[in-house]
Amino acid sequence: MSSTVDTIRGLAEQDYKWGFITDIDEDRVPKGLNEDIVRLISARKGEPEFMLEWRLNALRHWFRMAKEEGAPTWANLTIAPIDYQNISYYSAPKKKPQLDSLDQVDPEILRTYEKLGIPLNEQKLFSGVAVDAVFDSVSVATTFKGKLAEMGVIFCSFSEAVQKHPDLIKKYLGSVVPHTDNFYAALNAAVFTDGSFVYVPKGVRCPMELSTYFRINAAETGQFERTLIVADEGAYVSYLEGCTAPIRDENQLHAAVVELIALDNAQIKYSTVQNWYPGDKEGRGGIYNFVTKRGKCLGVNSKISWTQVETGSAITWKYPSCILQGDNSVGEFYSVALTNNRQQADTGTKMIHIGKNTRSTIVSKGISAGYGQNTYRGQVKILKSATGARNYTQCDSLLIGDRCGAHTFPYIEVRNATARMEHEASTSKIGENQLFYLRQRGLTAENAVSMIVNGFCKTVFKELPMEFAVEAQKLLGVSLEGSVG
Amino acid sequence: MALLEIQDLHASVEGHEILKGLNLTLNAGEVHSIMGPNGSGKSTLAAVLARRETYEVTRGRVLFNGKDLLEMKPEDAACEGVFLAFQYPVEIPGIGNAYFVRSAMNAIRKFHGQDELDAMDFLPLYKERMKILEMDDKLVNRSVNEGFSGGEKKRNEILQMAMLEPKLAILDETDSGLDIDALRIVAKGVNAMRGPDRAFLVITHYQRLLDYITPDFVHVLVDGKIVRSGGPELALELEDTGYGPSEADVPQALPA
């Protein structure tokens, strides 16, 4: 067995390819968190009064929480204390881009996205994917807006939506994740700086994948974005989210909120490939990824599907969830979470069944390598009203080497006797016999591990859009091995 | 030059010496059978030749095609042309059977500086060889060995061998757990591959397999050494007499 462990240890030499820093002028607010800072952020963004009030309200709530209970401690994570006064809550590239024209985006930023493999030039993009690019605190470019507008699809930065579509924002902002939801959601509501907004009107099937690419660049800043997606009756949208950050020695905070709303017969598919900087081998630096994602199946026959591939971040705290309110609505959660070196992840989902005949599926694949600690935490709640509800949960852990850990915390609460619940769980280890078998057929140890891990994740990868699935497979390879082309 | 030349091979597992001075020479085109009682070191020999790292070679030398086999990693030995049909084939959930074999073929082709095969070139060949082994088409996209019956797993090993076209094929108790029909099919697959450029090392407990795959040489392995060598008739004799007299009564056999 020792040789297997050595092989794996060799593979754990991780190389983070997205760790470069872009040298641009930043406009940033002073460090610290107080009402003045929130007013400053709101003013920089030229927000209407209702937004400022909403933010201040959240900030007051956050201060109360910070004083009375502090950050949540129930997760299976070891988190160094965070000094919230030592963070700058707003950083934007100085040359303020006009949102309608790519020509006016700082060429340095365009080059950054080019380097990341996300060219913002519309001609160079994969046809069929529209991109909103968020650089530090602001959205710098959104592609294919014109084409989408023809169909009535709104896809823009959150800031722009606040200006141009205040009614939709007023109606839906905080309707799924109120600022009182949790500590990080309150913080986000107070200081969030940008993000994406999507509205797909009645009966429209969004003709292309919508995608947001988040990039943290500035040092000693946090990123607090907010995404809101509304699919009106009978609408369909598939949304992709990607993220990277430079290599920095300090831990950086990322506390995002995503809210999804699906009305009658609407469908939202939300896919994430999260590749924030994970820190170095000894666990120095890396992103603290504390994210609240939740979707509400408000209408009958609506469906919300989350797919996530989490390979980055020093710490991941994230539970994309579904509130199944409409009768016959469907919630899905497919997840691959990988922790290598000193990474920690506590991730899973909540499925709250309220409507009749609501169905949910949970498939979670956790991979631990190095000293990584990987926790699945999932809640399935069947309320009294949810007659005929069904849930299927499958929760598998794969261990690589002998120093990592996998943990599973399922919570199941059933208040209606007609519910049908299934729960399957497994834990396995990449064994010397498996590796030897693959190597005996001519595959290198690296490729053998990669193949076994990809096979393990297959049921999740097949839920991802094609290009993303290929990307995810490669990313998994790199995250495990250090240097696979 | 011999294809495989084993000289005075000593090997241990977890500190126990299993092979205690084994000598054996195989030439291309020959089929050798190794027989012997449980625990005599048959599977250890197979594992050492495939370079399994949990087996430690303490003495001796093995040349494969003139190269030092004991210096090779498992994947290097595989790429040089050593194939082991496993006694207990491993399951790989989520990886399709055909995809796996093609990946292996391409790894080997890459090692030899050849172009990779795409799915279009690969699949017809794969399906044709599946037919010889009377395997169901459904197995093409099923995960490697997952949910396969014992017989299907063994046939799948032979199918992989047929695709990878090794120089030396080691069959480690491929007959164990096979019914007579499966045994016949497996033997058909092996016989189809016999040829002047390839050697087989057929490890078996029973003479039964050798009714279908006629060896050129039979060796008896007892307590980590080859104690007798002969032609196919030796297998029949063993069937009657068992592994017979103790090592001390038998003169040390010479390499074949």
Going by average Cβ neighbours within 10 Å, how do the peptides B:158-165, B:109-116 rank, with the highest at the top?
B:158-165, B:109-116
Output needed for the range A:395-485: three equivalent-ellipsoid semi-axes, defined as square roots of 5 times the C-alpha gyration tensor eigenvalues, in descending order, whole Å.
31, 18, 12
Exactly which trypsin sites (Lys or Arg not before Pro) in the range A:152-212 are in a DSSP loop and have at most 14 other Cβ atoms within 10 Å?
A:Lys202
For the range A:358-435, state the average projected area of the convex hull of the C-alpha atoms over all orientations, rounded to one decimal in nm².
5.4
Distance in Å, no decimals, from the C-alpha centre of the range B:207-239 to the one of the range B:131-176 is 24
What does the average come to when, for each residue of peptide B:49-58, you count the partner chain Cβ atoms lying within 10 Å of its Cβ?
3
Could you give the C-alpha radius of gyration of the range B:1-122 expressed as a fraction of 2.2 N^0.38 Å, taking N as the number of residues it contains?
1.19
Note down the magnitude of the dipole of the protein assembly as shown about its Cα centre, charges +1 on Lys and Arg C-beta and -1 on Asp and Glu C-beta and zero elsewhere, to the nearest 20 debye.
2120
When a/c reaches 1.5 or more, the comparison of a/b and b/c decides; with that in mind, is the range A:307-381 rounded, prolate or oblate per its Cα gyration tensor?
prolate
Decide, for chain B, between rounded, prolate and oblate: order the square roots of the alpha carbon gyration tensor eigenvalues as a ≥ b ≥ c, take rounded if a/c falls under 1.5, and otherwise choose prolate if a/b is larger than b/c, else oblate.
prolate
How do B:Ser176, A:Ser305, A:Ser426, A:Ser360 line up, fewest other C-beta atoms within 10 Å first?
A:Ser426, B:Ser176, A:Ser305, A:Ser360
Please label the shape of the range A:418-467 as rounded, prolate or oblate, based on the square roots a ≥ b ≥ c of the eigenvalues of the alpha-carbon gyration tensor (a/c under 1.5 means rounded; beyond that, a/b larger than b/c means prolate, else oblate).
oblate
Once phi is turned into θ = phi - 60°, what whole-Hz ³J(HN,Hα) does the Karplus curve with 6.51, -1.76 and 1.60 give for every residue of the range B:5-12, x standing for Gly and Pro?
10, 9, 10, 6, 7, 10, 9, 10
Under Karplus coefficients 6.51, -1.76 and 1.60, residue-wise ³J(HN,Hα) of the range B:208-222 in Hz, glycine/proline x
2, 4, 6, 5, 9, 10, 7, x, 7, 9, 10, 10, 10, 9, 9
Please give the per residue volume of the convex hull enclosing the alpha carbon atoms of the range A:264-339, rounded to a whole number of Å³.
61
Based on other C-beta atoms within 10 Å, arrange A:Leu187, B:Leu69 from fewest to most.
B:Leu69, A:Leu187
Okay, helix-only estimate at 222 nm for chain B: each DSSP H run of n ≥ 4 adds -39500 (n - 2.57), divide by all residues, round to 500 deg cm²/dmol; what do you get?
-10000 deg cm²/dmol
With a 10 Å radius around each residue's Cβ, average the other Cβ atoms per peptide and rank A:336-343, A:27-34, A:83-90, A:391-398, highest first.
A:336-343, A:391-398, A:83-90, A:27-34
Which peptide among B:30-36, B:102-108 comes first, and what is the full order, when sorted by highest mean count of other Cβ atoms within 10 Å?
B:30-36, B:102-108
Give the calculated FRET efficiency between A:Arg284 and A:Val470 to the nearest 0.05, with a Förster radius of 22 Å applied to their Cβ-Cβ distance.
0.10
Largest-first ellipsoid semi-axes for the range B:61-178, taking √(5λ) over the Cα gyration tensor eigenvalues, angstrom:
24, 19, 12
Cα-projected label distance for B:Glu14 with B:Asn27, points at 7 Å along beta-carbon direction, nm
4.2
Round to a whole angstrom and tell me the spacing of the C-alpha centers of the range A:276-332 and the range A:370-449.
16
How long are the semi-axes of the ellipsoid equivalent to the protein assembly as shown, from square roots of 5 times the Cα gyration tensor eigenvalues, in whole Å, largest first?
60, 26, 23
Cα convex hull of the range B:118-256: how many Å³ per residue?
129
Hey, got the average number of other protein chain Cβ atoms within 10 angstrom for residues in A:445-458?
4
Counting only DSSP beta bridges with both partners in chain B, the antiparallel fraction in percent, to the nearest 5, comes to 60
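Computed from the coordinates by the stated procedures, all read-outs in this text should not be read as laboratory data. These numbers were taken from a predicted model, which means no experiment stands behind them. With ideal geometry, Cβ positions are generated from the backbone for all residues, glycine too; neighbour counts draw on all protein chains shown.
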